[in-house]
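Accompanying notes for the structure given below.
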Amino acid sequence: MRSQPVQDAWVVATQQSAASAELAQALEIPEPIARLLLRRGMVTLQAAKSFLHPEPAQLHDPGRMLGMRKAVARLQAALEHKEPVLIYGDYDVDGTVATVLLKTALERAATWLGVKADVRYHIPHRVREGYGMQDARIEAAAAEGVRVVVSVDTGIRAFAAAAEARRLGLDLIVTDHHLPEGPGAEAVVPEAIAVLNPNQPGCPYPCKDLCGAAVAFKLAQALLEHSAADATDRNRVREKMLPSFLKLVAIATIADAVPLTEENRTLAALGLLELRQPLQPGLRALMELAQIDTSRPISAKDVAFRLAPRINAAGRMDIASDVVELFLTRDSSVARTLAEKLHRLNGERRAMEGEALRSIEVQIEAQLEPPTAAFPDATRLAPSLPAATPPCFVLDDASLPAAPGSSVFGSSVSGHAPAASGAWHRGVIGILASRVVERTARPALVITHEDGEAYGSGRSVAGFHLLDALTAIDGWGKERLFTRFGGHAHAVGFSLASERVGELRERMLRYAARWLNVAELGQVLACDAEVRLRDLTAPFFASLEQMAPFGHGNEVPVLLSRGVRLAADPRVINRRHLRLACEDAHGGAQFAAVAWSRIMDWSALATNQGWRRGDLLDIAFRPHRNVHPLYGGWELEILGIRPAGKGE
């Protein structure tokens, strides 16, 4: 952990202008908010209005998605002829929610068609089956009499499973959002009755960043609207069913960390509004256990850090089909039992994650040793970070060094024994990769070993396309590196032979050193706008909340305020973090501020630089609303601090 400033330069993206003043006047909003809208590309009055006021009319017609007409026709035929349909899902939030949405829609459509639907589903077990469609389950489905298989949140690279379905006479419909195999227009997709994926070649659907549940939602919408018997049923779809579906679509969209821009932002915003009325007993019980207060607006942060982890816990720690049952049951007692199980599993997951992080700290410290022949240019590429910091981290539970070291994650690891092979649960390696990225600002692959096979999950940073990286290094050498892999720019999953992990580490280091500009990571702090603390008024915060939901692609704005006075001496909390009282040097505004020590040791920096009451500082921060009932309110989350005037 560092006790010197991380960022060498602070860059302010927008300044007050005639355009921002005009937009502010037209929308009757504070001028700094107008600057933030312009920063996000809302350069016209209509675009800004649509951004601030999401509504159902902004959602795209599902018929614009390539393959939609064929998919709806085949499913309607299956329902009319009472053919069994299997939904093949995935074990994460996106996959389980997509399964619930499509099963509900198929059964409702069958009712309108005057038949009883036979809709089954399969959620693979993360450890026993792994990710993706398996030939054996397709064969079993055929033996059970299934005639149509619909994949959700999976299948775009399931060529073997598609061939098996075709051999057995099953009709396959693929709905997915992951990138297909191959570059751009040359990408190939499995042979199926229909493939629904905005990222497939030739698909004109405008929003390419939908999550898997959103693609399933589009299919559900099209199916219900085509199956409606009359105008009354069609109105029921638009006014009752689709808003109800949006609750789950919002959860999946936020949990899957797709960009909260364009249609995704509309889906999330509308769904968060609907979440304040959780009528389904399973959703209501889970929200109660997650302590989500429906009397106030629900944020993307509530979903990402409270609701989604409990849903994901089933697939990570046990059986993900429990999530489907939770959201389908109408029995309050059953719902409460299932919700309590997910709540308990999430606690177990957190404990397991904490233990694994302590092991990972040791391994990271070992990789921060002086440069070696394997990576001699590290110091040149990352001069402001510890010597020989790699451009990426490849960490696995079979190669932990025994030597203790200082903690990257803020807790002592002295005396911690190295983990044994298979020590990290496959259900938490994706979370572990995210934690490493948060703390190190580097792409990370985290791997666990089981019976000679290495299973990995990766997360990335802005500007480094992780799936492209895996695709490239897979082709180096005479033999393919991976047994299987897939994902997208920010997240991947993969497997390979355990003995080849060292080869994977070497290839990733070489690729990242070439394509990732690590010299810039952490050295430039991009601020969206410069404000004075006295600009942060009630109208400002009200307009800021209209810019939500915040997340990937629509982050909470980073603001810069110069010459802020410390109204009190800094106070250390929990031995590592820092609490400040900041006031406008020209009077009129004071805010509490918190500097969380993740990469930066803020308490040590405050001590080294001797900060005291009355000092003038420049601060970069994100506005944050603390909802604590006793000491809640708007406060500042500090990202950077420096003596006033240093950057001018």
*asked:* If I filter region 6-16 for residues that are in contact (Cβ under 8 Å) with a residue 60 or more places away in the chain, out of contact with any Ser or Thr (no Cβ under 6 Å at 6 or more places or on another chain), within 30 Å of Ala308 (Cβ to Cβ) and of a type in the set (Val, Ile, Thr), do I get at least one hit?
replied: yes
*Selection within region 582-631 - on the phi > 0 side of the Ramachandran plot and without any contact (Cβ under 8 Å) to a residue 24 or more places away in the chain*: Gly610
*Within region 217-235, how many residues turn out to be touching a helix residue (DSSP H, G or I) at 6+ places or on another chain (Cβ under 9 Å) and in a helix (DSSP H, G or I)?*
13
*asked:* Restricting to region 134-160, name every residue that is closer than 22 Å to Cys211 by Cα and either touching a residue at least 40 places away in the same chain (Cβ under 8 Å) or assigned to a helix (DSSP H, G or I) (or both).
replied: Val149, Val150, Ser151, Val152, Asp153, Thr154, Gly155, Ile156, Arg157, Phe159
_Residues within region 429-438 that are aliphatic (A, V, I, L, M) and out of contact with any Lys or Arg (no Cβ under 6 Å at 6 or more places or on another chain), tallied_ = 4
*Kindly check whether there is at least one residue in region 346-360 that is buried (at least 18 other Cβ atoms within 10 Å of the Cβ), farther than 25 Å from Val446 by Cα, not assigned by TED's automatic domain parsing to the domain that holds Tyr131 and not aromatic (Phe, Trp, Tyr).*
no
_Here is a check on your reading of the model: is Gly640 surrounded by 17 or more Cβ atoms within 10 Å (Cβ to Cβ) and either out of contact with any helix residue (DSSP H, G or I) (no Cβ under 8 Å at 6 or more places or on another chain) or in contact (Cβ under 8 Å) with a residue 40 or more places away in the chain (or both)?_
yes
_Please go through region 470-492 and give me each residue that is at pLDDT 90 or above and closer than 18 Å to Val436 by Cα, ordered by number._
Val492
*Residue, farthest from Leu248 (Cα to Cα), within region 263-286, restricted to residues that are of a type in the set (Lys, Arg) and assigned to a helix (DSSP H, G or I)*: Arg265
*Residues satisfying the stated conditions in region 598-629, i.e. among the β-branched types (Val, Ile, Thr), at pLDDT 85 or above and over 24 Å from Cys527 (Cβ atoms)*: Thr607
*Could you figure out which of (1) surrounded by 16 or more Cβ atoms within 10 Å (Cβ to Cβ); (2) on the phi < 0 side of the Ramachandran plot isn't true of Gly155?*
(2)
*asked:* Going through Leu560, Leu605 one at a time, which residue ends up being farther than 26 Å from Arg435 by Cβ, buried (at least 16 other Cβ atoms within 10 Å of the Cβ), out of contact with any helix residue (DSSP H, G or I) (no Cβ under 6 Å at 6 or more places or on another chain) and of a type outside the set (Ser, Thr, Tyr)?
replied: Leu560
*Restricting the search to region 524-535, which residues are under 29 Å from the mean Cα position of the chain (by Cα), buried (at least 17 other Cβ atoms within 10 Å of the Cβ) and closer than 15 Å to Arg35 by Cα?*
Cys527, Asp528, Ala529, Glu530
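Condition check ((1) in a loop (DSSP other than H, G, I, E, B); (2) under 29 Å from Leu210 (Cβ atoms); (3) of a type in the set (Asp, Glu)) across all residues:
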{"position": "Trp10", "(1), (2), (3)": "no, no, no"}
{"position": "Pro32", "(1), (2), (3)": "no, no, no"}
{"position": "Lys49", "(1), (2), (3)": "no, yes, no"}
{"position": "Ala57", "(1), (2), (3)": "no, yes, no"}
{"position": "His60", "(1), (2), (3)": "yes, yes, no"}
{"position": "Arg74", "(1), (2), (3)": "no, yes, no"}
{"position": "Gly95", "(1), (2), (3)": "no, yes, no"}
_Number of positions in region 290-300 that are surrounded by fewer than 18 Cβ atoms within 10 Å (Cβ to Cβ) and either within 16 Å of Val324 (Cα to Cα) or in contact with a helix residue (DSSP H, G or I) (Cβ under 9 Å, 6 or more places away or on another chain) (or both)_ = 4
*asked:* Please verify whether Leu481 is over 22 Å from the mean Cα position of the chain (by Cα), more than 30 Å from Leu27 (Cα to Cα), of a type in the set (A, V, I, L, M) and assigned to a loop (DSSP other than H, G, I, E, B), treating the condition exactly as stated.
replied: yes
_Selection count, region 196-216, where residues are out of contact with any Cys (no Cβ under 9 Å at 6 or more places or on another chain) and either outside any loop (DSSP other than H, G, I, E, B) or at positive phi (or both)_ = 5
*Arg505 is checked against (1) over 28 Å from the mean Cα position of the chain (by Cα); (2) part of a helix (DSSP H, G or I); (3) surrounded by 20 or more Cβ atoms within 10 Å (Cβ to Cβ) and fails just one. What number does that condition carry?*
(1)
*Residues being in a loop (DSSP other than H, G, I, E, B), surrounded by 17 or more Cβ atoms within 10 Å (Cβ to Cβ) and within 25 Å of the chain's Cα centre (by Cα): count how many of those fall in region 113-133.*
7
_Looking at the structure I just gave you, is Arg613 charged (D, E, K, R), more than 26 Å from the chain's Cα centre (by Cα) and surrounded by fewer than 18 Cβ atoms within 10 Å (Cβ to Cβ)?_
yes
*Would you please name the residue that is nearest to the chain's Cα centre (by Cα), looking only at residues in region 134-152 that are surrounded by 19 or more Cβ atoms within 10 Å (Cβ to Cβ) and either assigned by TED's automatic domain parsing to the domain that holds Tyr455 or among the aliphatic types (A, V, I, L, M) (or both)?*
Val152
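Here is a yes/no grid of residues against (1) closer than 22 Å to Leu75 by Cα; (2) surrounded by fewer than 21 Cβ atoms within 10 Å (Cβ to Cβ):
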position	(1), (2)
Asp171	yes, yes
Ala192	yes, no
Leu223	yes, no
Asp233	yes, yes
Ala255	no, no
*Pick out the one residue from Arg344, Arg330, Arg296 that is farther than 28 Å from Lys218 by Cβ, outside any helix (DSSP H, G or I) and among the charged types (D, E, K, R).*
Arg296
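The values are calculated or read from the model by the stated rules, or taken from the named source; none is laboratory data. Here the structure is a predicted model, which is why all the values come from computation and not from measurement. Quick reminder, even Gly has a Cβ in these numbers, built from the backbone with ideal geometry, and neighbours come from all protein chains shown.
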